[in-house]
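Peer 1: Mind having a look at this structure? Questions to follow.
Please treat every number below as a calculation from the coordinates, not as lab data. Model, not experiment: these values are computed from the prediction. We place every Cβ from the backbone using ideal geometry, glycine too, and count neighbours over all the protein chains shown.
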Amino acid sequence: MRNFRGHRRWRTCCTLTTALVSAAALAGCAADEEEGVSKPSVPEVKALHDALPQSVKDAGVLRFAGDSHPPFRSVGADGTVTGIDTDLQEALGQVLGVRTEIKIVNNLPAALQGMLSGRYNGFNGPVQATAERERQFDTVTWMTSRTSYVVPKTGKAGISSAADLCGKQVAVVKASIVEGQLEKLSKFCTGQGRPAAESIGLDDTNATLLAAQSGRADAAGMTQAAAIDVTESQSDKYEYVTQTEEQGATTDNLALLVPKEGGLGPVVQKAFQKLVDNGEYRRVMEHWGLKDVMVDRPVLNIAGEES
């Protein structure tokens, strides 16, 4: 198992006092920033600022949507959002010469619809770059991932590998990359003469954890980065298994999405490339323990490039 967090010191962030405490706490209170880690400080690139859509320049801010999904976005009791998104988006904003904001929404469909309606300029994922999505959105691939499944240690389902999920109930975020990977796992199951895994579609990662914890589901599906974050922050409660290639798993291209209309996508891709060139991308990814899933370059519309 890769250690995504072992090299960092973390402050204790909460205590569970009731069974109905904030779902953010159930995600491990995983996003308190390490003391002493510097905020991003990168120079503005005037040519990229000038290339922004006029509406963004007039507003002076890029507005991102995001669901609750540690370690990408962890929401504190006061509504403060911390995580990978905060660090990367702040750095992107500095390159582009604008502020950045994150608005927490219920789920992926809400983020997508909010972008199409003009409420938000982008969504940082983790969401798969697909040909279907690229018909409406420009995608900027910035990391890869595999699908994992978090299992309560007190569960009675006897899950020690992803193959043991055949015939079990698995909570996943609706319309997510994990939902599609679970379908592939189910095909593996039926190909082995075993029952398919049953998908329970929920709004966000915290809801999937609640389902697993309460016994409504046997496991909660999520990206490997999120699974490691949960199991390291709550090692007494959870463990995880990872889907293999034999079980239908693929290495997924995870992307930042912006609506195609307006021309923001190519500008964001170039800004992301600046973060790669100046080392800020590596700094953020290493800080969050994601060095192993870094990309060599941020690719615009990778699904179309691969087709």
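Peer 1: May I ask for the angle, rounded to the nearest 10°, between helix 224-233 and the longest principal axis of the chain, with both axes built from Cα atoms and the value confined to 0 to 90°?
Peer 2: Long axis of 224-233 versus the principal axis of the chain: about 70 degrees.
Peer 1: Among T205, T190, T144, rank each residue by its count of other Cβ atoms within 10 Å, from fewest to most, as a rough exposure measure.
Peer 2: On the way: T205 31, T190 12, T144 18.
Least crowded to most crowded, the residues run T190, T144, T205.
Peer 1: Can you classify the stretch 147-242 as rounded, prolate or oblate using the Cα gyration tensor, where a ≥ b ≥ c are the square roots of its eigenvalues, rounded means a/c under 1.5, and otherwise it's prolate if a/b beats b/c and oblate if not?
Peer 2: Working: a/c = 1.62, a/b = 1.33, b/c = 1.22.
Prolate, since a/c reaches 1.5 and a/b exceeds b/c.
Peer 1: How high is the FRET efficiency from T251 to V276, r the C-beta distance, R0 22 Å, rounded to 0.05? Write out the running numbers ahead of the final one.
Peer 2: Numbers: r = 19 Å, r/R0 = 0.88.
The value I calculate is 0.70.
Peer 1: At a Förster distance of 35 Å, what's the computed FRET efficiency of A51 paired with D236, Cβ-Cβ distance as r, to 0.05?
Peer 2: Working: r = 50 Å, r/R0 = 1.42.
So the FRET efficiency works out to roughly 0.10.
Peer 1: Shifting gears a bit: Kindly put H287, H69 in sequence by how many other C-beta atoms sit within 10 Å of each C-beta, fewest to most.
Peer 2: Values: H287 17, H69 28.
So the ranking, lowest neighbour count to highest, is H287, H69.
Peer 1: If you don't mind, there's one more thing I want to ask. Where in the chain lies the longest segment free of trypsin sites (Lys or Arg not before Pro) that are both loop residues by DSSP (not H, G, I, E, B) and have at most 10 other Cβ atoms within 10 Å?
Peer 2: Values: sites that count: R9, R11, K156.
Answer - 157-307.
Peer 1: Further, regarding this structure: Nearest-5 percent of antiparallel DSSP beta bridges in the chain? Numbers along the way, then the final one.
Peer 2: On the way: 26 of 41 bridges.
Of the beta bridges lying entirely in the chain, close to 65 percent run antiparallel.
Peer 1: Let me ask something else. Using a Cα-Cα cut-off of under 23 Å, which lysines could be cross-linked to K103, ignoring same-chain neighbours fewer than 8 residues away?
Peer 2: Once the sequence-local lysines are set aside, what remains near K103 is K39, K57, K174, K260.
Peer 1: Along the positive direction of the dipole of the chain (beta-carbon charges: Lys, Arg +1; Asp, Glu -1; about the Cα centre), which of G248, V140, G265 reaches farthest?
Peer 2: G248
Peer 1: Using 7 Å Cα-to-Cβ label points, what is the S117/T190 separation (nm, one decimal)?
Peer 2: In this crude label model, S117 to T190 measures out at 3.6 nm.
Peer 1: Here is a further query. Report the net charge of residues surrounding M115, where surrounding means a beta-carbon distance below 12 angstrom and charges are Lys +1, Arg +1, Asp -1, Glu -1.
Peer 2: Values: positive: R63, K103, R119, R133, K260; negative: D138, E261.
Cβ neighbours under 12 Å give a net charge of +3.
Peer 1: How many percent of all Cα-Cα pairs in the stretch 46-185 sit more than 26 Å apart? Before the final figure, lay out each step's value.
Peer 2: Numbers: 3321 of 9730 pairs.
Percentage above 26 Å: 34.
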